[in-house]
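Data block below; observations after.
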Amino acid sequence: MKPPIHPRSIAFRLIVAVLAVELLSAILVVALSYGYERHVHFRAFDVMIRGHVDSIVGAIQDADDPPQNNVMLVQADLHLPPDDIYQVYDSGGRLLGRSPNWQGLPPDAPEPGHSPFQRIIINGRRYRVFRSQGTRIIDVAEPGGGKLRGFIVFYGSPTEHVWNAIHGTVEFYAAGSALLLLVTGPLIAWLLHRGLLPLRQLATLASQVSVDSWEFSPPERARRTPELAPLTHAIESVLQRLECSFVLQRTFVSDAAHELKTAVAVIKSTLQLLNMKRRSSEEYKAGLERCLADSQRMEEIVAKMLTLARQESASAGFGPLPASDIAECMRQTAAQLATVATLRGIEVTMAAPGVCSVPIAADDCSLLLSNLLLNALQHSPQGAQIELRLCAENDSAHVEIEDHGEGIDPEALPHVFERFYRGDPSRTRSTGGTGLGLAICKAIVERAGGSIGIVSQPGQGTTVTVRLPLVPSP
């Protein structure tokens, strides 16, 4: 069973719009046909009247009776319709003859406006009367070329049959238009319903997508339809991003729970061991120090999780981002980590321009650079060198941090920006970090509209490249 069409649905609006256009077109056709038929029929009607007037003029003859210059109307020669009316005057205003069903008009009756035709009503019937005034040569065969005689003719004919013909034609057009509307209305509704079928199929398939089922296979017809192809691609793209976000969220929650559970389990086991028997003060002190270290690690994990959540939530916001000088942040970061570099025997070199403003807050810029530089320090051997380079090209700032350390396994390289990912599973939690540093860096860079990438060769070193858009310096 087909679903009912909602009064405000697109199909209903299209059907109403198309039928309204057809109705207006039908009214226009009827109006035009009325005007055209009226013009054509009355034009033919006027030609007929003029022909009858010519017949009457031909029946005007010279009279043999005095006075001289007398004319008469030979009505026996007239063969006119019985319902028509006429009357004939000579140039002196003398009545020469009239039809028996009309009292006539005076010879000096003025012409109605600029037209020789006028409308009159006789016994409830409407007539169209033509007034003709002119001269006629009578008895052409006589010496002198005949006699010139003047006349005035009024001739009228009833217009019922003309209007009946006009109304009949207009009614035919109106009935045809109404029949066309009755036939095309359901046909248009069916065609629109069938034409919108791929859209309803898309809606049905999209409504079946849920958190547990992300399968969405749009019909091929929707992909081939120019109007629906962009919508189909948009739905697929949105669902793919949503699925990826849900997977990342589940992974993040699972990894975070695993990290926190491990730290809690370590603290719990340490306290249980301390509580199993009486301990010395040194043993209690050592156990409490282990608990404090694991608590600090839990605090570090929670802090980084909050930082990552803040960056990702800020990425969905609107409004201008604060700007900072990344060159100054790079110098401050290198100074802050100089002690760590000295203890490891690593030399840090830096090349940066004077001012280079990017759309990142100063705290976030320092966090980005410190995470990247600290990673390079942790994975560089004793006596190695780390190079920090900053340059501005084509309205963007390029930051490169290159080390000559152990490098990254090619299989692990695509996953380094994932949350809680550790490329070397053999590293302990005390040396391997939380696995959130690079994820935070990526969130900061993407929020600013930039990009971050890593190129690494095992045993040769790693280069991290950050590209950020430049903003005008304040």
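Values in this text are rule-based calculations from the coordinates and carry no lab data. These numbers were taken from a predicted model, which means no experiment stands behind them. Ideal geometry is used to build each Cβ from the backbone, glycine not excepted, and the neighbour counts take in all protein chains shown.
The table below lists the values:
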item	result
Net charge contributed by nearby residues that have their C-beta within less than 10 Å of Pro322 (K/R +1, D/E -1)	-2
Segment 12-166 - charge dipole about Cα centre, Lys and Arg +1 at Cβ, Asp and Glu -1, debye rounded to 20	660 debye
Karplus-derived HN-Hα couplings along segment 435-441 (A = 6.51, B = -1.76, C = 1.60, θ = phi - 60°), whole Hz, x at Gly and Pro	x, 10, x, 5, 5, 5, 4
Calculated FRET efficiency for the pair His415/Phe12, C-beta based, R₀ 51 Å, to 0.05	0.45
Cα gyration tensor, segment 12-166 - rounded (a/c under 1.5), prolate or oblate	prolate
Reachable aspartates and glutamates from Lys147, criterion Cα separation under 12 angstrom, eight or more residues apart if same chain	Asp62, Asp139
Reachable aspartates and glutamates, given that their alpha-carbon falls under 12 Å from the alpha-carbon of Lys261 and they are not under 8 places away in the same chain	Asp294
Gain upon complete extension [Glu227, Tyr34; 0.36 nm per residue less C-alpha separation]	65.3 nm
